[in-house]
Amino acid sequence: MIAFSVISVSIMLILGIVMYVRFSNSARQDTIQSTQKLMEQTGEYLEDYLISMRQISDAVYYNVIKNDFFEGQEDIQRGMNLLYEANSDNLRSIAIYNNHGSLVAAEPVASQKEDPDVTKQEWYVQAMAEMENMHFSTPHIENLFDDGTSRYYWVISLSRVVELTDNGDSHLGVLLVDMDYSSISRLMNQINELNNGQYFFLCDSNGEIIYHPRQMQISDGIYKENNETVAQYKEGIYEERFEGERRKVIVNSISYTGWKLVGVIPYSTFTSGMADIQYFIVMIMLLMGMMLVIINRVVSDRISSPIRKLNHSVMEYEAGKKPEIYIGGSLEIRHLGWSIQNSYEQIDSLMKTIVQKQNERRKNEIDALQSQINPHFLYNALDSITWMIEGGRNDDAAFMISQLAKLFRISLSKGNTIITVKDELQHAKSYMNIQKVRYKNAFAVTFDIDPEIETYCAVKLTLQPILENAINYGVSSMDDCGEISVSGKMEDGKIILAVADNGIGMSEEEVRFVLTDSNRIHKHGSGVGLVNVNSRIQLLFGKEYGLLVESEPDEGTRVSICIPAIPYTEENRKTLEKGYIFDEEEVKPLYADAMERVKKNEE
Amino acid sequence: MKNDKRIFILTEAVLGILVIILAFLMFREKNGQDEQKISVIVQNSEDSQWHAFKYGLAMAAEDHEIELYIVSTGEMLTASQEKALMEDEIAYGADAIIVQPAPGEETEQMLKEMQNKVPIMLVESASLQNGEESEIPLTAPDYYAMGKALAEEMVKDYGKNLKGKSVLILSQAGESEAAEQGEKGIMEVLGNTGVQISRSVWDSSEISKEDFMKRQPKADLVVALDDTTLTAAGEYSAVNSLHGAVVYGVGKSTEAVYYLDTRAVECLVVPDEFNVGYQSLTETAESLKHSFYEMRDRNVEYTVIRRETLFSKQNQEILFTMSQ
């Protein structure tokens, strides 16, 4: 996705730059072309204006001054008046001076200033210097007539030498046509109204400025213009750097005068004109960027969403729930989903098989444990009965057989592993009766049982191996002073059945290994006693239950059976035998119900 | 996943904000930035003596892209009238004001108060405080030097013959500070030449131009320290020869030049009014563009013009600015 984004952004950038370069080149070209066009039009207008001035000069010279001044003074004045009136918008004055600088005729008629000394004025000097040409001056103040308004007019003088005839004598004179500068400045002001840094100025062939929008700033040195260099340029477009600024200069020559109309386009004008396009392109790129981010998001979402859903269902599965594995999205992801689902189904099936096998294995193990007890005890009991019959103690043998019958009845218990505490105690009593006979009452047995516990579940044949151990290791070697006490009570929702003897006891090390290492203590009996019982209890009730062995050498041993107080019902029995282990929270309400029932029964 | 979503929203938000900023910039570009406005208050603003000044203002306004307002005023503005005009201009959105201070002692205090609202540039005035630096920047010619230049021209013309001649110094009531400076300059040169100096101040609100000129005592030389009294003296001299007095003075209008051209006035000292306008507006515009810019006093040049040099290239440019 990052690679896709980088490529897209790069393409966008390249596109943007190409667009900008193309737009800017085109806009620059347009600006130059429109400037050229404007300059051509302005140049044409200026040429027309100057031609009209030349025509006025020609008309005065060839149509008016041809008359003899002596005879035709009035005609000359009338002709000049007509020409002046026809062009008064653009003309300031028409005047004819003789070769001494004296005024011969002027229009409009106005009083001449006192000694204007025209022979020293530039237009007069130029005309006299090059008689064959017409001369356009640079703008200057007309210093010839006093019209009484106390105003000074800015004019451009067109002067030429003319031949004057006065009373038949011909002599040279100068014809002056003063053009109103405001006509030109107005036109130039109009084209300079563009407020984008671009401007136009007019200079003569020497670079003398005729019009410049910053004319006064230039003469005051506030602003600089490259007019002297530009005056040397021919018509065309030039690129130059002036005062640290890069600019395009377009030069247009004005016919007859040598004047140059100059258009200046600073490069900043191009860039300022491009600001809109710059903004536009950047905006398009930003919008494309926004779109790209959204598209990226949608595409990545479409790709990643099925993966996320699949991952979520797998995580739920791992957390122990059994969700449907998500199958969706593209073909690959659907295939992945199917594969995972199949795997989980196979795992489930395998797990069931393993659990089933495990249960069977446990049951077999319990059965094996039980079957390890029965032959062992049977051998002992039958040995005792044989011994009684042989000794003629038939009553005792009959008692033994009846006790053995009870013992086997409970041992059988219809094949159940779980029996009531009462039955287990009965079984213990039968066993102890048999053993007492066998050991010729060499020890005493007492039972101290809380009747409350008799209706709870117990594991079949758990007391017997403990009692067997108590006899074999505790009291068998003692002479008539051995005591074995069996107690049973309820303690914090648990049933504690304890077998205590006052025998030889065990060392601390022996106690530590008595429940963990079945190969360690095999001096007497079958050797499967306490370890078997402990394993059976823990298999049926869980690891927190089992046996507790307490012993002191020469003082005796106490072995306690700790099992949960689960009331004996058919349902609970079946549940326990199936391998279900009740946790503490489940046991509590069962125990509470049982207590309730006991109370009700008592009432 | 949440982090991813946050990055997505953040990216979209940043891009969205950039688009909005760009749209705003485009909109502003399209509508053009608001030009800053500068108002100009000078006495009798329609008078021809301000043509060059106004031309300078207009050129500077164009160069600095400033919106320029020249307030139309009458003669002899008082400090309170000037204050009212300035407040009006500020209310109409003027960001700065160029002002010719009205005569009167209360003007300085008033201008200081106004300076707290907008930048103020003084023109066409001597310093507000005698001899001390004003806190408000000023663009003006050196009136003292102009007075001195006028006196030096008299000395050039008459030399030792000045001794015993009477000199009448004319000034307008509203320009007392400038006139005072100009007079000091004259006295600096003529003080030891043995001339008899008299003074006359014209208050146009009390007496007409003709009556004022009629009442002037006979003098050999008349020195007008401002354009108004110079044109009045020139006009009177042109018609009535002013008892044969030779007129010198400070002028800045085409009328003043005309009287020089027609020999009614002998010599003119012309302050560069174009630059008074251009420099004052440039300085004010700079202070508006740059917050920490401190406006400074600007001193402009003056030119001594005589009839012989009236149409020189340099003087034609002065006439050009006056004719705008």
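From A:ARG438, A:ARG409, which residue is touching a residue at least 12 places away in the same chain (Cβ under 8 Å) and either among the basic types (Lys, Arg) or not assigned by TED's automatic domain parsing to the domain that holds A:PRO375 (or both)? Break it down into steps so the answer makes sense when it comes.
Numbers: A:ARG409 fails: touching a residue at least 12 places away in the same chain (Cβ under 8 Å).
After applying the criteria, what remains is A:ARG438.
Write out, first by first residue and then by second, each pair whose Cβ atoms fall under 9 Å of each other, whose residues are 6+ apart or on separate chains, and whose first residue, in the stretch A:59-70, is touching a residue at least 12 places away in the same chain (Cβ under 8 Å) while the second is exposed (fewer than 15 other Cβ atoms within 10 Å of the Cβ) and in a helix (DSSP H, G or I).
A:VAL64/A:ASP75; A:VAL64/A:ARG78; A:VAL64/A:LEU82; A:ASN67/A:GLN73; A:ASN67/A:ASP75
From A:LEU286, A:LEU292, grab the single residue that is without any contact (Cβ under 8 Å) to a residue 12 or more places away in the chain and in a helix (DSSP H, G or I). Let's see the steps before the verdict.
Values: A:LEU292 fails: without any contact (Cβ under 8 Å) to a residue 12 or more places away in the chain.
After ruling out the rest, the residue left standing is A:LEU286.
Of all the residues that make up the stretch A:465-480, how many are in contact (Cβ under 8 Å) with a residue 40 or more places away in the chain and surrounded by 23 or more Cβ atoms within 10 Å (Cβ to Cβ)?
7
Filter the stretch B:80-117 down to residues that are exposed (fewer than 14 other Cβ atoms within 10 Å of the Cβ) and hydrophobic (A, V, I, L, M, F, W, C) and give me whichever is nearest to B:SER45 (Cα to Cα).
Out of the qualifying residues, it is B:ALA84.
Just to be sure I understand, how many residues within the stretch A:475-493 are part of a loop (DSSP other than H, G, I, E, B), at negative phi and of a type in the set (D, E, K, R)? Step through it out loud before you land on a result.
Applying the first criterion (part of a loop (DSSP other than H, G, I, E, B)) to the stretch A:475-493 yields A:476-481, A:492-493.
Filter once more, keeping what is at negative phi: A:476-479, A:481.
Subset that is of a type in the set (D, E, K, R): A:479.
So the count comes out to 1.
Considering only the stretch B:149-200, state which residues are assigned to a helix (DSSP H, G or I), of a type outside the set (A, V, I, L, M, F, W, C) and closer than 12 Å to B:LEU221 by Cβ. Even if it seems obvious, please write down each step before you answer.
Step one: list which residues in the stretch B:149-200 are assigned to a helix (DSSP H, G or I), which gives B:149-162, B:173-190.
Next cut, of a type outside the set (A, V, I, L, M, F, W, C) only: B:152-153, B:156-161, B:174-177, B:180-185, B:188.
B:GLU153, B:ASP157, B:TYR158, B:ASN161 - these are the residues of the stretch B:149-200 that are assigned to a helix (DSSP H, G or I), of a type outside the set (A, V, I, L, M, F, W, C) and closer than 12 Å to B:LEU221 by Cβ.
Let me confirm something: among A:ARG78, A:ARG28, which residue is of a type outside the set (Val, Ile, Thr), within 30 Å of A:MET288 (Cβ to Cβ) and outside any strand (DSSP E or B)?
Values: A:ARG78 fails: within 30 Å of A:MET288 (Cβ to Cβ).
The conditions single out A:ARG28.
Identify, by number, the condition in (1) more than 12 Å from chain A (Cβ to nearest Cβ); (2) surrounded by fewer than 19 Cβ atoms within 10 Å (Cβ to Cβ); (3) in a helix (DSSP H, G or I) that B:GLU29 doesn't meet.
Of the numbered conditions (1) more than 12 Å from chain A (Cβ to nearest Cβ); (2) surrounded by fewer than 19 Cβ atoms within 10 Å (Cβ to Cβ); (3) in a helix (DSSP H, G or I), the odd one out for B:GLU29 is (1).
Only one of (1) out of contact with any Lys or Arg (no Cβ under 7 Å at 6 or more places or on another chain); (2) closer than 18 Å to A:LYS429 by Cβ; (3) in contact (Cβ under 8 Å) with a residue 40 or more places away in the chain fails for A:LYS494. Which number is that?
Evaluating A:LYS494 over (1) out of contact with any Lys or Arg (no Cβ under 7 Å at 6 or more places or on another chain); (2) closer than 18 Å to A:LYS429 by Cβ; (3) in contact (Cβ under 8 Å) with a residue 40 or more places away in the chain leaves (2) as the failure.
What are the residues in the stretch A:48-78 that are of a type in the set (Asp, Glu) and surrounded by fewer than 17 Cβ atoms within 10 Å (Cβ to Cβ), if any?
We begin by selecting, within the stretch A:48-78, every residue of a type in the set (Asp, Glu); these are A:48, A:58, A:68, A:71, A:74-75.
Result: A:ASP48, A:ASP58, A:GLU71, A:GLU74, A:ASP75.
I'm trying to understand the selection: among the residues of the stretch B:284-324, which are more than 9 Å from every other protein chain (Cβ to nearest Cβ), free of Cβ contacts under 8 Å to residues at least 60 places away in the same chain and in a loop (DSSP other than H, G, I, E, B)?
Hits for the stretch B:284-324 are B:HIS290, B:SER291, B:PHE292, B:TYR293, B:GLU294, B:SER312.
Scan the stretch A:315-336 for residues that are more than 28 Å from the chain's Cα centre (by Cα) and acidic (Asp, Glu) and jot them down.
Those that are more than 28 Å from the chain's Cα centre (by Cα) and acidic (Asp, Glu): A:GLU318, A:GLU324.
Quick check on the stretch A:201-217. Is at least one of its residues polar (S, T, N, Q) and within 12 Å of another protein chain (Cβ to nearest Cβ)? It would help to see each step written out before you state the result.
Keep residues of the stretch A:201-217 that are polar (S, T, N, Q), which gives A:205-206, A:215, A:217.
This time we only want the ones that are within 12 Å of another protein chain (Cβ to nearest Cβ), so: A:215, A:217.
Checked the stretch A:201-217: at least one residue is polar (S, T, N, Q) and within 12 Å of another protein chain (Cβ to nearest Cβ).
Quick test for you: out of A:ASN359, A:ASN394, pick the one residue that is of a type in the set (S, T, N, Q), in the same structural domain as A:ASN469 (by TED's automatic domain parsing) and at pLDDT 80 or above. Please lay out each step first, then the result.
Details: A:ASN359 fails: at pLDDT 80 or above.
Answer to the check: A:ASN394.
What single numbered condition from (1) out of contact with any Ser or Thr (no Cβ under 8 Å at 6 or more places or on another chain); (2) surrounded by fewer than 24 Cβ atoms within 10 Å (Cβ to Cβ); (3) free of Cβ contacts under 8 Å to residues at least 60 places away in the same chain; (4) away from chain A (no Cβ under 14 Å) fails to hold for B:SER200?
Exception for B:SER200: condition (1).
Anything in the stretch A:247-281 that is facing another protein chain (nearest Cβ under 10 Å) and in contact with a Leu (Cβ under 6 Å, 6 or more places away or on another chain)? List them, or say none.
Once the filter is applied, which keeps residues that are facing another protein chain (nearest Cβ under 10 Å) and in contact with a Leu (Cβ under 6 Å, 6 or more places away or on another chain), the stretch A:247-281 yields only A:TYR279.
For the stretch B:233-254, name all the residues that are buried (at least 24 other Cβ atoms within 10 Å of the Cβ), within 14 Å of chain A (Cβ to nearest Cβ) and within 13 Å of B:GLN49 (Cα to Cα).
Residues satisfying the conditions are B:GLY251, B:LYS252.
Which ones in the stretch A:415-466 are touching a Phe, Trp or Tyr at 6+ places or on another chain (Cβ under 6 Å) and assigned to a helix (DSSP H, G or I)?
A:VAL421, A:THR455, A:GLN464
Being small (Gly, Ala, Ser), out of contact with any Pro (no Cβ under 7 Å at 6 or more places or on another chain) and closer than 21 Å to A:SER150 by Cβ is the filter here; which residues of the stretch A:89-120 pass it? Before the answer, list the steps.
Initial filter on the stretch A:89-120 (small (Gly, Ala, Ser)): A:93, A:95, A:101-102, A:105-106, A:110-111.
Add one more test, that the residue is out of contact with any Pro (no Cβ under 7 Å at 6 or more places or on another chain), and what stays is A:95, A:101-102, A:105-106, A:110-111.
Across the stretch A:89-120, the qualifying residues are A:ALA95, A:ALA106, A:ALA110, A:SER111.
Of these, A:LEU497, A:LEU467, A:LEU404, A:LEU412, which one is closer than 22 Å to A:GLU577 by Cα and modelled with pLDDT of 80 or more?
A:LEU497
Which condition breaks for B:LEU281 when tested against (1) within 19 Å of B:ASN315 (Cβ to Cβ); (2) within 13 Å of chain A (Cβ to nearest Cβ)?
So B:LEU281 meets the others, but not (1).
Restricting the stretch B:255-271 to residues that are surrounded by fewer than 24 Cβ atoms within 10 Å (Cβ to Cβ) and in a loop (DSSP other than H, G, I, E, B), which is farthest from the other protein chains (Cβ to nearest Cβ)?
This residue is B:GLU266.
For every residue, the table says whether it meets (1) more than 60 Å from the chain's Cα centre (by Cα); (2) farther than 21 Å from A:ILE51 by Cα; (3) within 14 Å of chain B (Cβ to nearest Cβ).
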{"residue": "A:ASP117", "(1), (2), (3)": "yes, yes, yes"}
{"residue": "A:TRP123", "(1), (2), (3)": "yes, no, yes"}
{"residue": "A:GLN126", "(1), (2), (3)": "yes, no, no"}
{"residue": "A:ALA129", "(1), (2), (3)": "yes, yes, no"}
{"residue": "A:HIS140", "(1), (2), (3)": "yes, no, yes"}
{"residue": "A:SER150", "(1), (2), (3)": "yes, yes, yes"}
{"residue": "A:TRP154", "(1), (2), (3)": "yes, no, yes"}
{"residue": "A:SER157", "(1), (2), (3)": "yes, no, yes"}
{"residue": "A:VAL161", "(1), (2), (3)": "yes, no, no"}
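Part of a helix (DSSP H, G or I) and among the basic types (Lys, Arg) - does that describe any residue in the stretch B:34-48? Full working, then the answer.
Applying the first criterion (part of a helix (DSSP H, G or I)) to the stretch B:34-48 yields B:48.
Checking which are among the basic types (Lys, Arg) leaves us with none.
No: the stretch B:34-48 contains no residue that is part of a helix (DSSP H, G or I) and among the basic types (Lys, Arg).
Take the residues of the stretch B:203-229 that are in a helix (DSSP H, G or I) and free of Cβ contacts under 8 Å to residues at least 40 places away in the same chain: which is nearest to the other protein chains (Cβ to nearest Cβ)? Full working, then the answer.
Residues of the stretch B:203-229 in a helix (DSSP H, G or I): B:209-214, B:227-229.
Then drop every residue that is not free of Cβ contacts under 8 Å to residues at least 40 places away in the same chain, which leaves B:209-214.
Values: B:LYS209: 15, B:GLU210: 18, B:ASP211: 22, B:PHE212: 20, B:MET213: 17, B:LYS214: 22 Å.
So the residue we want is B:LYS209.
Here are some residues: B:GLU87, B:GLU75. Which one is farther than 18 Å from B:ALA140 by Cβ, touching a residue at least 60 places away in the same chain (Cβ under 8 Å) and more than 14 Å from chain A (Cβ to nearest Cβ)?
Testing whether each residue is farther than 18 Å from B:ALA140 by Cβ, touching a residue at least 60 places away in the same chain (Cβ under 8 Å) and more than 14 Å from chain A (Cβ to nearest Cβ) leaves just B:GLU75.
The values are calculated or read from the model by the stated rules, or taken from the named source; none is laboratory data. Note that the structure is predicted; figures quoted are calculated from it, not measured. So basically every Cβ, Gly included, is an ideal-geometry build from the backbone, and we count neighbours across all protein chains shown.
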